[in-house]
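Heads up, the thing below is written out as structure tokens.
Read-outs throughout are calculated quantities, based only on the coordinates presented, and are distinct from any laboratory measurement. Keep in mind the model is a prediction, meaning the values are calculated, not measured. When we count neighbours, we look across all protein chains shown, and the Cβ atoms used for this are built from the backbone with ideal geometry, even at glycine.
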Amino acid sequence: MEIPKILLVEDDTISLTIVKQLLTMEGYEVEAATSGREALHILCRGEANLAIVDLMIPDTSGVELLNEHLAKEFQRIPVIVISSLNVYDVQYYSEYLLPLVDIIQCAVAYFTKPFSGAELVRTVNRELSYNELIET
């Protein structure tokens, strides 16, 4: 069996290091991107089995990345959204976050920072196991 590959899009180096280490210890191959541009290069290769995307990233917002480039990938790979924005506060950021409502509905999970690493790992394990069942 091939090792699942995870695209991790996170510009905060501490969060990126912790999440990458957690997932690597779980046996996953993690490719990290700290900007939208880097994430696009990785996505174009089509190797990711799952994506974890922060909404606040440089040069392309996570919202734009998800709307424009990952929308077609929602059919192929699970996407987990992480953000410091609380989904319950969406009405206060309505102009910026209006597209977020669709993203949250398409994403398999939404984690507000700070979040439980164990819960993130459980979600990743569940989604990759589910996708493996679907593909066989």
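Values for this structure:
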{"read-out": "Listed peptides 43-55, 118-130 by packing density, highest first (mean Cβ within 10 Å)", "value": "43-55, 118-130"}
{"read-out": "Proxy reagent accessibility, fewest Cβ within 10 Å first, across M56, M25", "value": "M25, M56"}
